[in-house]
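Reading through the structure tokens given below for one structure.
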Amino acid sequence: MGSGMTEKTLPAGELHSLILDLLCALGTPDDLAGLVTGALVEANLTGHDSHGLVRMPAYAQSVREGKVHPEVRASVVSRRGATACVSANRGWGQTAGRVAAEEASEIAGELGVGAVVLQESPHVGRLADYVELIARRGRVAMAATNAWVNVAPFGGRDRRLGTNPIAFGIPRAADRPPIVSDFATSVVAEGKLQVARAYGRSVAPGAIVDSEGRPTQDPEEFYSGGALLPAQGYKGYGLAVAIEALGGALSGMGPAMLADYGDGNGMFVLALEIEAFASVERFVSQIEQMAQALLDAPTAPGVDEVLLPGQLELRTREQRERDGIPIPAGTWDAIAQLAEELDVSIPSV
């Protein structure tokens, strides 16, 4: 089943079928497998390969080790006023994150604001999925999650913090997709290192240090005891610490550097009903004017156009739906091996 070292290209439909088959073979019920598959394929389609197919070998390992129970469903543990606690119950994080986002959105619809934490959850995937879900229902959204230690604190050299992403979703006029920002508080997400490693590529300078705290561009140095660096130095560091409190301590999962950390993504989700604060019509009008003002901004030398947050992902999605999704040889080899173990047939490409 060797691939040589050539990149594969898979149509989105074939990628969807492959991931779905793998998840079902791991013991995931059809409806939950469909939701997790949708999230992984969407990540590949939008160009965030770090959160797509490349995750499947690690997910399978988590199931084998009993860290993920594929048949288990998320539940709303408690609700008080405008707040709720949702537990993944150690089932798939993508399905649990969706429950948390839907709960936040529903509470906001009733009370103007909905604040929800997600507990007992493994990897939740891209936060963009959750804020977009809320924003498409006409509400402003924010989400943040802590994660396994991968990042050195500002001025430090060993791992103390997660990549701790934060995301925002802003509704637009009815015919336009929401404005979505989703980024790690480290220079890059750890999954981007996985992708670089799979392609045999180096990473940009300033993203990682080796185990001695020296700058390096070799992703292997990260996996040999190095660390990611916080984005923009002390700024990313400050945000990451705040997210350890919001996603970690507040959810009960705990900050990632502590011994009793719950080994997963502690997520905080906030949904805001626009009309509780402002006229919806005026809000949408101002967002559209803002968007146009940004798109009309004069460009810096060598830049063709200014884009809105999330717009590059929409364009990548269109292109990959048309041309297929590139899969690095290293990822394909790992998937072929996993498929063989699970007795799942893979597309011949």
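On the principal axes of its alpha-carbon atoms, region 122-177 has extents of 47, 25, 13 Å, going from largest to smallest. For region 140-235, taking Cα atoms only, Rg and Dmax work out to 15.3, 52 Å respectively. For region 62-199, the alpha-carbon coordinates run over 45, 35, 30 Å along the three principal axes, in decreasing order. For region 215-231, 3J(HN,Hα) computed residue by residue from phi via the Karplus equation (6.51, -1.76, 1.60; θ = phi - 60°) reads x, 8, 10, 8, x, 4, 5, 5, 6, 9, x, x, 8, 6, 10, x, 5 Hz, glycine and proline entered as x. Fewest neighbouring Cβ atoms within 10 Å first, the residues Trp92, Trp332 line up as Trp332, Trp92.
Does region 89-167 come out rounded, prolate or oblate by the C-alpha gyration tensor, with a ≥ b ≥ c the root eigenvalues, rounded set by a/c under 1.5 and, if not, prolate when a/b is larger than b/c and oblate if not?
Prolate is the answer for region 89-167, as a/c is 1.5 or above and a/b outweighs b/c.
If you wrap the Cα atoms of region 254-349 in a convex hull and average its projected area over all directions, you get 13.5 nm².
For the chain, the residue among Gly13, Val41, His51 whose Cα projects farthest onto the positive side of the dipole built from Cβ charges is His51.
Could you tell me which of rounded, prolate or oblate describes region 35-94, using a ≥ b ≥ c as the square roots of the eigenvalues of the alpha-carbon gyration tensor, with rounded for a/c under 1.5 and, failing that, prolate when a/b is larger than b/c and oblate otherwise? Before the final figure, lay out each step's value.
Numbers: a/c = 3.28, a/b = 1.49, b/c = 2.20.
It comes out oblate by the Cα gyration axes.
Placing +1 on the Cβ of every Lys and Arg and -1 on the Cβ of every Asp and Glu, with no other charges, gives region 1-55 a dipole of roughly 160 debye about its Cα centre.
Dipole of the chain computed with +1 at Lys/Arg Cβ and -1 at Asp/Glu Cβ about the Cα centre; of Ala174, Gly324, Cys85, farthest Cα towards the positive end is Cys85.
Whole-percent P(r), region 105-150, all Cα pairs, 5 Å bins from 0: 5, 18, 28, 23, 14, 9, 3, 1. Sorting Lys192, Lys8, Lys235 from the fewest to the most surrounding beta carbons within 10 angstrom yields Lys235, Lys8, Lys192. Sort the chain into rounded, prolate or oblate with this rule: let a ≥ b ≥ c be the square roots of the eigenvalues of the Cα gyration tensor; rounded if a/c is under 1.5, and if a/c is not under 1.5, prolate when a/b is larger than b/c, oblate otherwise. Cα axes put the chain in the rounded bin. Annotation: amide H-H contacts under 5 Å for Gln119 (H modelled 1.01 Å from N, sequence separation of 5 or more, or interchain): Val86, Ser87, Ala88.
Can you run the Rg to Rh ratio on region 71-125? Use alpha carbon positions and the Kirkwood inverse-distance Rh.
Numbers: Rg = 10.7 Å, Rh = 10.8 Å.
Radius of gyration relative to Kirkwood radius: 0.99.
Of Arg80, Arg73, how do they rank once you tally other Cβ atoms within 10 Å and put the fewest first? Don't skip to the end; give the middle numbers.
On the way: Arg80 7, Arg73 16.
Ordered by Cβ neighbours within 10 Å, fewest first: Arg80, Arg73.
Bear in mind these aren't lab numbers, they're just calculated from the coordinates by the rules spelled out. Remember, it's a predicted structure, so these values are computed and weren't measured experimentally. All Cβ positions, glycine included, derive from the backbone under ideal geometry; neighbour counts span all protein chains shown.
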